Amino acid sequence: MIIIIIFFLSHWFLSLFFHSFFLHRYASHKMYSTSKNWEKVFYFSTWFVQGSSFLVPSAYAVMHRMHHTYSDTEKDPHSPHFFKDIWHMMVHTAAIFHSFATGKNKPDEEFTKDYLPSWSRLDKIGHSNISRVLFGLAYTSVYIFFAPSAWWFLLLPIHFLMGPIQGAIVNWCGHKYGYSNFNNGDHSKNTSPWGILLMGELFQNNHHHAKNNANFARRWFEFDLTYIIMKGMNRLSIIKLIPVPAA
Ligand SMILES: [Zn+2]
Ligand SMILES: [Zn+2]
């Protein structure tokens, strides 16, 4: 049982970390600079930890930049205020994501003009059915070998859809429940103390107020774990945080 719990928590937090650190704070907002080699390491790690639910960074970033521009309006790709439940919002988001990831839909130039990391070979592999199915089989085999009873298999869908599930929790809860520090003209909210489980991503109200600030926490009781790790990486010169004027 302990192996399953460790496996689940490792997958949850590693997937979330690269989601927040690489897809959100780098690919979408470029909050730090890094070398080409480190960028490849982060890109590869994002694919490896997201596995069956890998989110192609450029498609993610374009969609996320749209989210900031159109926050909580009809053009927002995933505002909870236009869907009756989180599942319908996820399905709608997935369709937009897929159209960008496959090139079927071309985004407006304003969302692609800033730097977008790209590794077309890995995107192709990561977005292929074969890669997604192989990762799914790998997760299932961990459960076959180590789950003490069949009930534990109920956790498998979370492994299969880890990236989109974490994104949907942030997009739904972060624009619906909690308190505001700032009036951003949208429904963005901060959720504390649950924010800790989403590594800073649930401070949406703070983040929408200053989208280029790598630190999502503002008040003494708000804690942005991803940013703390980023500060350590900055000190080790793995990344270089780009300073922003205090907002
Ligand atoms: Zn948001
Ligand atoms: Zn953002």
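Assorted remarks:
- Karplus-derived HN-Hα couplings along the stretch 145-150 (A = 6.51, B = -1.76, C = 1.60, θ = phi - 60°), whole Hz, x at Gly and Pro: 7, 10, 6, x, 8, 5
- Karplus 3J(HN,Hα) series, Hz, for the stretch 110-126 with 6.51 cos²θ - 1.76 cosθ + 1.60 (x for Gly, Pro): 4, 8, 10, 5, 7, 3, 10, x, 8, 8, 4, 5, 5, 4, 5, 5, x
- Accessible surface of the stretch 109-247, 1.4 Å probe, proportion on carbon and sulfur as whole %: 65
- Between the helical axis of 36-50 and the longest alpha-carbon principal axis of the chain there is an angle of about 50 degrees.
- Percent of C-alpha pairs per 5 Å bin, the chain, short to long: 1, 6, 13, 18, 20, 18, 13, 7, 3, 1, 0
- Rg(Cα)/(2.2 N^0.38 Å) for the stretch 196-236, N = residue count: 1.11
- In this structure, the amide hydrogen of Phe203, modeled 1.01 Å from its nitrogen in the peptide plane, lies closer than 5 angstrom to those of Thr191, counting only residues at least 5 positions away or on a different chain.
- Above 15 Å, the calculated P(r) of the stretch 1-97 contains 67 percent of its Cα-Cα pairs.
- Couplings 3J(HN,Hα) of the stretch 81-96, computed from phi: 7, 10, 10, 7, 8, 5, 5, 5, 5, 4, 5, 5, 4, 4, 5, 5 Hz, in residue order, whole Hz [Karplus 6.51 cos²θ - 1.76 cosθ + 1.60, θ = phi - 60°; x for Gly and Pro].
- In the chain, the calculated helix contribution to ellipticity at 222 nm averages -15000 deg cm²/dmol per residue, counting -39,500 (n - 2.57) for every DSSP H run with n ≥ 4.
- For the set Lys106/Lys189; Lys211/Lys231; Lys30/Lys84; Lys36/Lys75, the pairs lying more than 26 angstrom apart at their alpha carbons are Lys106/Lys189; Lys30/Lys84; Lys36/Lys75.
- Close amide H pairs (under 5 Å, H built 1.01 Å from N) link Tyr32 with Ile242, residues at least 5 positions away or on another chain.
The values are calculated or read from the model by the stated rules, or taken from the named source; none is laboratory data. Computed from a predicted model, the values in this text were never measured in an experiment. Keep in mind that these areas ignore ligands, DNA and RNA; they rest on the heavy atoms of the full protein, side chains included. Shrake-Rupley method; radii C 1.70, N 1.55, O 1.52, S 1.80 Å.
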